[in-house]
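See structure below.
Derivation of every value follows stated rules applied to the coordinates shown; laboratory data play no part. Not measured: the values here are computed from a predicted model. Cβ atoms come from the backbone with ideal geometry, glycine included; neighbour counts cover every protein chain shown.
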Amino acid sequence: MKPSVGWALVGAQGGLLAALIVLPAGLLWPKGWIVTSLAAVFVATGIAIVVLGGLRLGTTLTPSPIPKDGGFLVTGGIFRYVRHPIYTGLLVASAGIVLWGASPAHVLGWVALLAVLTVKSHSEEAMLQEKYPEYAQYQKVSGRFVPPLRGIFPRNGASAKG
């Protein structure tokens, strides 16, 4: 991936997050105390996930999908469950903004953010596979944005052990 493409994805991500924050509120659903509370929980939870992911990455952290030279593969902590917890946190926090915003533009903005983060993660994973031979195995045991539901939905027709 060319660095310009990577930074364009970062710019799109940032622009969509900013748009979600400044878009005018709508009336798709009523915003009583339940929606307000749920939105606040989503935002707080998303921010906590972002912080946990960033702290775990340490010096390997970069906004670009291009892995840092001299970096290392992080598979512990929150990365044990999801490969892109920072993206997960952004999606959860922005879902809270969508709940509060209650407009069609908020919903479309969130879907666009999901699309950008999906493209960004696919590109990043292709580069991580080239850089770290163990990445393919790591992909089998972790989810992209949400933890895998092993045991509930077994792979390859295997039955769940109970």
- Note on the structure: Within the chain, pairs of Lys residues whose Cα atoms are less than 25 angstrom apart, provided they are eight or more positions apart or on distinct chains, add up to 10
- Residues with beta-carbon under 12 Å from that of E124, excluding E124: net charge, scoring Lys, Arg +1 and Asp, Glu -1? +3
- Where in the chain are the DSSP H helices whose alpha-carbon span along the long axis reaches 20 Å or more and whose Kyte-Doolittle mean is at least 1.6? 33-57
- By how many nm would the segment from L55 to V5 lengthen if fully extended, with 0.36 nm per residue of separation less the alpha-carbon distance? 15.4 nm
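Once the other residues with Cβ under 15 Å from the Cβ of L61 are scored (Lys, Arg +1; Asp, Glu -1), what is the net sum?
Numbers: positive: R56, K68, R83, K120; negative: D69, E124.
Charge balance near L61 sits at +2.
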- Message: So if I place +1 on the C-beta of Lys and Arg and -1 on the C-beta of Asp and Glu, and nothing else carries charge, what would the dipole magnitude of the chain be about its Cα centre? I want it in debye, nearest 20.
- Response: 380
- Task: From the P(r) of the range 7-147, can you give the percent of Cα pairs sitting at distances over 23 Å?
- Result: 36
- Once you have all Cα-Cα distances for the range 6-47, histogram them in 10 Å bins from zero and send the whole-percent values. 24, 40, 28, 8
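Using DSSP to define loop residues, name the chymotrypsin sites (Phe, Trp or Tyr not before Pro) in the range 1-109 whose beta-carbon has at most 15 other beta-carbon atoms within 10 Å. Before the final figure, lay out each step's value.
Values: sites: W7, W33, F42, F72, F79, Y81, Y87, W100; in loops: F72, Y81.
The qualifying sites are F72, Y81.
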- Note on the structure: P(r) over all Cα-Cα pairs of the range 46-101, 5 Å bins from 0 to the longest distance, whole percent per bin, short to long, reads 4, 20, 27, 23, 13, 7, 4, 1, 0
- Extension reserve of the A126-L38 stretch, reckoned as 0.36 nm per residue once the Cα distance is removed: 28.1 nm
- If a/c stays under 1.5 just call it rounded; otherwise compare a/b with b/c (prolate if a/b is bigger, oblate if not). Do that for the range 1-75, with a ≥ b ≥ c from the square roots of the Cα gyration tensor eigenvalues. oblate
- Per-q log10 I(q)/I(0), the range 75-147, q = 0.12, 0.17 Å⁻¹ (Debye; single scatterer per alpha-carbon; no solvent): -0.38, -0.67
- Note on the structure: Low-density loop trypsin sites (Lys or Arg not before Pro), the range 24-131, at most 14 other Cβ within 10 Å, DSSP non-H/G/I/E/B, are K68
